[in-house]
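The values are calculated or read from the model by the stated rules, or taken from the named source; none is laboratory data. As the structure is a prediction and not an experimental result, all values here were calculated from the model. Every residue, glycine among them, receives a Cβ derived from its backbone with ideal geometry; neighbour counts consider all protein chains shown.
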Amino acid sequence: MKSIQIAIDGPASSGKSTVAKIIAKQFGYTYLDTGAMYRAATYLALQHQVEQEDSSAIVALLDQFPISFGRNEKGEQLVFVGDVDITHAIRENQVTNNVSWVSALAPIREKLVDLQRKIAAQGGIVMDGRDIGTVVLPEAELKIFLIASVEERALRRFKENKEKGIPTDLECLKEEIALRDHKDSTRVVSPLKAADDAITFDTTGVSIEGVVAFISKKAKEILDK
Ligand code: DC
């Protein structure tokens, strides 16, 4: 059966992972959260007190403790480095606030992009991140670039954190999101930007179901061609 690659990019908390997971399930494709991979590298860097910019130390850690994914009994995705489950640890503020410098290091990106392409080569995939349409899968049949206002994204993250029991301040979240947007979009290597052939979709005020329906329709149109 024909399968396609779906790239979903966009800034922090634009709803990428929520919709990407649902789309992957609908189409029976693999879902890959590339942000979780950069967070895993950041977790390793912090755990091992790597000096900022020391990319070779982080690459060595990634070799020693490879990133892998699993599932719990509820079907939720788990993230591991070596055999340590870091699913929750990578969402903590300390990782979130350090991920920009780790993900700006070219050797880290090279290593993770290589891994992302290997996973994509196995079949139908929905991959979310910042550079999927531009760098990782430039040949993807469907490229979506999701955006939303800083206020709405901060509120989404605030609610998510509350559910996970992570204490956060809304104003602080707004500032962090705006700062991360700035760092992600202005970094030299693979900055956050829509591919020329991506469809940009503003999710401000749009429900998850609305975004899913839009992407799903586009994917079906391509598959039916
Ligand atoms: O999607 P997220 O917030 O979990 O991503 C965490 C960070 O990882 C984000 O600030 C930028 C970085 N990232 C990246 O540089 N490239 C990707 N493909 C995915 C994430």
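A few notes on this one:
- If you go through the range 125-141 and keep only what is within 10 Å of the ligand (Cβ to nearest atom), among the aliphatic types (A, V, I, L, M) and either at pLDDT below 95 or not in a helix (DSSP H, G or I) (or both), you end up with just Met127.
Yes/no matrix, rows are residues, columns are (1) within 10 Å of the ligand (Cβ to nearest atom); (2) farther than 18 Å from Met127 by Cα; (3) touching a residue at least 12 places away in the same chain (Cβ under 8 Å); (4) under 16 Å from the mean Cα position of the chain (by Cα):
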{"residue": "Glu73", "(1), (2), (3), (4)": "no, yes, no, no"}
{"residue": "Leu78", "(1), (2), (3), (4)": "no, no, no, yes"}
{"residue": "Asp83", "(1), (2), (3), (4)": "no, yes, no, no"}
{"residue": "Lys111", "(1), (2), (3), (4)": "no, no, yes, yes"}
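- Considering each residue of the range 105-124 in turn, none proves to be more than 22 Å from Ser68 (Cα to Cα), outside any loop (DSSP other than H, G, I, E, B) and modelled with pLDDT of 95 or more.
- Options Arg180, Arg153, Arg187: the member that is under 19 Å from the mean Cα position of the chain (by Cα), within 13 Å of the ligand (Cβ to nearest atom) and over 20 Å from Ser103 (Cα atoms): Arg153
- You will find that of Ala12, Ala60, the residue that is touching a residue at least 12 places away in the same chain (Cβ under 8 Å) and among the small types (Gly, Ala, Ser) is Ala12 and no other.
- Cβ pairs under 9 Å, 6+ apart, first in the range 195-222 and free of Cβ contacts under 8 Å to residues at least 12 places away in the same chain and surrounded by 12 or more Cβ atoms within 10 Å (Cβ to Cβ), second assigned to a loop (DSSP other than H, G, I, E, B) and among the aliphatic types (A, V, I, L, M): Val206/Ala148
- Leu44 falls short on exactly one of the conditions (1) away from the ligand (no atom under 13 Å from the Cβ); (2) assigned to a helix (DSSP H, G or I); (3) under 14 Å from the mean Cα position of the chain (by Cα), and that condition is (3).
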